[in-house]
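Just below is one structure, and these are the notes that go with it.
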Amino acid sequence: MSKIRAYAAQSANSPLEPFAIDRRDPGSHDVAIEIAFCGICHSDLHQVRDEWGRSHFPMVPGHEIVGQVAATGRDVSRFQAGQWVGVGCFVDSCRHCEACRAGEEQFCADGMTLTYNGFERDQVTPTFGGYSTRIVVDENYVLHLPEALPRERAAPLLCAGITTYSPLKRHGAGPGRRVGVMGLGGLGHMAVKLAKAMGAEVTVLSHSARKQAGALKLGADHFVDTAKADLLKSQSGAYDLILDTVSASHDYNAALDLLRRDGTLVLIGVPPPSPLAAGSLIMKRRHLTGSLIGGIRETQEMLDFCAERGVAPEVEMIPMEKINEAYLRMDRGDVLYRFVIDLASLRKEAA
Ligand code: NAP
Ligand code: ZN
Ligand code: ZN
């Protein structure tokens, strides 16, 4: 066991503050990772504020982790000290259920072990995330970071990247397909980049008119201001596929109306309950589905795809002590497009 510097929230209404956590010594299959960077996902905010009603405190958030292998257990075969690696939203699962065997560990029948705000397989030991200087993870849940990915920008791929890559691929984003990305935040901006890299025609559907120039710069073909009712109406029936990444309550019927016959709306954002009418689906035989991050195999595939195609997140780097300010700014949509914490700042604080 060793004491590790971290930032934690002690309750749903307290700010994040310095905190010391225990990390286990690496077991025979473990990799100890010196964390260099950690992205800030809106799910961190939802959970710190207990908006989903299943938060455990103290909470050390962070599930977009990039770092260097510091030490490996004696049976670890896939990693060596010094390598750059990533850790995403989960650090373990049962490994024998149908979902785990299919490489879809996020749907583990016994529940995946969340990187934070969860419990290890013993269901007793709390897990703590990447707002910390070091983490210890079983090698089967650690990703290789390809050389070609810029280290300081790669962290958001571990959640925002896989969460958008998986449904884009599953629902056939590609040449000749019109894809809408609703909500241009951390997930949304990755959806734009990935859908473009897959060859689709991409429209950003945003309620923030000020984001238009940025959306086009990211590679989007079109921008629609969803706050303008007449503009939205003109898009009725226009899309094959829409990824809805909006984090706040909104009207799903308006999103469904944008789909053509047999088109698909994928819910990715996890806002409070939002209205849905049967007619929105029935009238054009539309499909409504959801998507949850992605398995380890597909996450590695996404990292390799991004390395090969030169796809990387747009980030704003912050020191750890700016975390509470970053949360407020993220809530206002004031970030292009993902905050990433430089953990060197926390090591310095500790010195
Ligand atoms: P984010 O960076 O804060 O982006 C959310 C976007 O939602 C904003 O940029 C904004 O886009 C839009 N939005 C915010 N408030 C709105 C409002 N009142 N009305 C309409 N649109 C609004 O968040 P993120 O990190 O991308 O995460 C997005 C959501 O996905 C969160 O709910 C998060 O928990 C969830 N998530 C799900 C998974 C999964 O596996 N399913 C994984 C990760 C995250 P515009 O300004 O462009 O409209
Ligand atoms: Zn996330
Ligand atoms: Zn399982």
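The values are calculated or read from the model by the stated rules, or taken from the named source; none is laboratory data. Treat the numbers as computed from the prediction; the structure is a model and nothing was measured. Neighbour counts run over all protein chains shown; Cβ positions are idealised from the backbone, glycine included.
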Selected residue [modelled with pLDDT under 95 and outside the structural domain of M112 (by TED's automatic domain parsing)] from L258, L232: L232
Considering only residues that are surrounded by 19 or more Cβ atoms within 10 Å (Cβ to Cβ), part of a helix (DSSP H, G or I) and within 14 Å of ligand 1 (Cβ to nearest atom), which ones fall in segment 299-348? T299, M302, A326, Y327, M330
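Within the bounds of segment 19-30, is there any residue that is of a type in the set (D, E), away from ligand 3 (no atom under 16 Å from the Cβ) and in contact with a helix residue (DSSP H, G or I) (Cβ under 6 Å, 6 or more places away or on another chain)?
Step one: filter segment 19-30 for residues of a type in the set (D, E), giving 22, 25, 30.
Subsequent filtering for residues that are away from ligand 3 (no atom under 16 Å from the Cβ) retains 22, 25, 30.
Keeping just the survivors that are in contact with a helix residue (DSSP H, G or I) (Cβ under 6 Å, 6 or more places away or on another chain) gives none.
Checked against the condition, which is being of a type in the set (D, E), away from ligand 3 (no atom under 16 Å from the Cβ) and in contact with a helix residue (DSSP H, G or I) (Cβ under 6 Å, 6 or more places away or on another chain), segment 19-30 yields no hits at all.
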Which of the residues that make up segment 276-293 are within 13 Å of ligand 1 (Cβ to nearest atom) and not in a loop (DSSP other than H, G, I, E, B)? T289, G290
Can you confirm whether T289 is surrounded by fewer than 17 Cβ atoms within 10 Å (Cβ to Cβ) and hydroxyl-bearing (S, T, Y)? yes
Restricting attention to segment 104-118, the residues that are away from ligand 1 (no atom under 16 Å from the Cβ) and touching a residue at least 60 places away in the same chain (Cβ under 8 Å) number exactly 0
Is it true that some residue in segment 28-39 is farther than 22 Å from Q83 by Cα, in a strand (DSSP E or B), at pLDDT 95 or above and not polar (S, T, N, Q)? no
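Here's the yes/no breakdown for (1) of a type outside the set (S, T, N, Q); (2) surrounded by fewer than 21 Cβ atoms within 10 Å (Cβ to Cβ); (3) under 23 Å from V270 (Cα atoms); (4) in contact (Cβ under 8 Å) with a residue 12 or more places away in the chain:
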position: I4; (1), (2), (3), (4): yes, yes, no, yes
position: R24; (1), (2), (3), (4): yes, yes, no, yes
position: I40; (1), (2), (3), (4): yes, no, yes, yes
position: V48; (1), (2), (3), (4): yes, no, yes, yes
position: I65; (1), (2), (3), (4): yes, no, yes, yes
position: Q68; (1), (2), (3), (4): no, yes, no, yes
position: R74; (1), (2), (3), (4): yes, yes, no, yes
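So which of D304, D244 ends up being at pLDDT 95 or above, charged (D, E, K, R) and within 16 Å of ligand 2 (Cβ to nearest atom)? Give the derivation first.
Details: D304 fails: within 16 Å of ligand 2 (Cβ to nearest atom).
Exactly one residue qualifies, and that residue is D244.
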